[in-house]
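Structure first, commentary second.
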Amino acid sequence: MFENLSKKLSFILNKIKNQGRLTEKNISDSLREIRRTLLEADVSLPIIKIFIDKVSKKSIGKEINNNLTPGQEFIKIIKNELIKIMGEENNKLNFSVQPPAIILLVGLQGAGKTTTVGKLAKFIKEKYKKKILITSLDVYRPAAIEQLNILSKKINIDFFFTSLIEKPIKIANSAIEYARKNFYEILLIDTAGRSHTNKKMMNEIIDIKKYISPIETLLVIDAMTGQDGMNISKTFNELLSISGIIITKIDGDSRGGIALSARYTTKKPIKFIGTGEKLSDLKPFSPKKIAERILGMKNIFSFIKNIERKISSSKTTLFNKDLTKRNKFNLNDFYNQINKIQKIKGVTSFIKNFPNKTNIPNVGNIQEVNKKTLFKMKNIINSMTKKEKIEPNIIKGSRKKRISIGSGTKVQDVNKLLKQFEMMKRMIKKIKKNGIRNIWKNIKSYLNH
């Protein structure tokens, strides 16, 4: 799921990512392509229109974050609007009721309800440590009842079985009474699959819900449903007032549109997603993670987050203000900068989040600055005298040899450190002259090539 959507959106956004300026034209061109891509992904037209309008309004004339390129800001807006369409993270289940808390699962035949009951029971048991009973009202498919019975044994959860000739409401009543008498905290109820257009079957599930008054009514919907998913979720919600949605089979070849359409149509949260066939393959739904997956740009968002959090020009900079005010930059200052680099988890981990890092010139040299290298640099400086740290220009042949022996390194390593020191010294001069913001803009431009 999301693979094709992700590839196409990534291609579109990569074209605008490095734009130095967001204009009405390049925004409109990108949004036109995004609209077509979302249509192909089976997202409903009304939702696409709302999404495109919101992104357009927030992008045109947008004041750009000083730490981001305009293209990165545009991607961030798209991500935030995707999250809003899919809803805030709300995957908690409501157990605030006199036990047993009844959870009813409904949906079309073939959506994966029976397996989802088993997965959900396992999830609740492991996370909340509740005493659970599960049962099935699907008297139309004896195989489904037996399937749930087998699943219950696999996860070591009790199964309530009654005669197939009983009416679904009577089975539900018997299961509730049994759960109360035996102090079960949760009762999970599977139901027969039914089409949202079948009035007889829909009336049956309406009656069942009225009779048992579940605390949660969860719509189980197949990720491969396509455009009709909007009508399915809308009808079930109107007739049953569902409390949440579970999307199954997202590991399949679906286009992914249902994840955007279902929640916006019902205004009810997507609580869980089925990520595979194993009973452990049920995960709480995270709009943020899905948005990043859809855009195929998880690394870029991590990169943007690192920029905003760690190298904000208004709050924290790699360089001390005092440092830029002082007349002379020495090896004591350089040592302090090494410590600061270590505090942001080292250059190597930071590089991992760079978009298109394979296109960064000399990236191999940058990645060499790992923990081991930083440790070696500090050892070299620690082997110097106070005078040498303050006046590095006096470090010549014999001094270099003494420092290398004292630090357990080679003379070439000492030469390399002094060269790196001179490079940073020149950068400090540029900061004094042009300011940190301009320096950071140059770094951003470098990273985006």
Among residues of the stretch 215-243, those that are more than 25 Å from the chain's Cα centre (by Cα), within 21 Å of residue 117 (Cα to Cα) and not in a loop (DSSP other than H, G, I, E, B), counted: 6
Hits in the stretch 93-108 - residues which are part of a loop (DSSP other than H, G, I, E, B) and in contact (Cβ under 8 Å) with a residue 12 or more places away in the chain: 93, 94, 95, 96, 97, 99, 100, 108
Residues of the stretch 407-429 classified as under 15 Å from residue 384 (Cβ atoms) and assigned to a loop (DSSP other than H, G, I, E, B), total: 2
Single residue of the stretch 184-213 satisfying the filter (surrounded by fewer than 18 Cβ atoms within 10 Å (Cβ to Cβ) and of a type in the set (S, T, N, Q)) that is nearest to residue 100 (Cα to Cα): 213
Count of the stretch 217-234 residues which are closer than 16 Å to residue 267 by Cβ and touching a strand residue (DSSP E or B) at 6+ places or on another chain (Cβ under 7 Å): 7
Test: residue 120 is crowded, with 19+ Cβ neighbours inside 10 Å and either assigned to a loop (DSSP other than H, G, I, E, B) or within 23 Å of the chain's Cα centre (by Cα) (or both): yes
Pairs, first buried (at least 16 other Cβ atoms within 10 Å of the Cβ) in the stretch 268-286, second charged (D, E, K, R) and assigned to a loop (DSSP other than H, G, I, E, B), C-beta under 7 Å, six or more apart: 274/249; 274/281; 275/251; 275/281; 286/89
Single residue of the stretch 142-183 satisfying the filter (among the hydroxyl-bearing types (Ser, Thr, Tyr) and over 22 Å from residue 98 (Cβ atoms)) that is surrounded by the fewest Cβ atoms within 10 Å (Cβ to Cβ): 163
Check on residue 111, assigned to a helix (DSSP H, G or I) and in contact with a strand residue (DSSP E or B) (Cβ under 8 Å, 6 or more places away or on another chain): no
Where a residue in the stretch 204-229 is closer than 12 Å to residue 107 by Cα and its partner, wherever it lies, is exposed (fewer than 15 other Cβ atoms within 10 Å of the Cβ) and of a type in the set (Ser, Thr, Tyr), with Cβ under 9 Å and at least six apart: 217/241
Positions within the stretch 127-137 being surrounded by fewer than 24 Cβ atoms within 10 Å (Cβ to Cβ) and under 29 Å from residue 224 (Cα atoms), in sequence order: 127
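We did not get these values from a lab; they are worked out from the coordinates using the rules stated. Quick caveat: nothing in here was measured; it's all calculated off a predicted structure. Backbone-built Cβ (ideal geometry, glycine too); neighbour counts: all protein chains shown.
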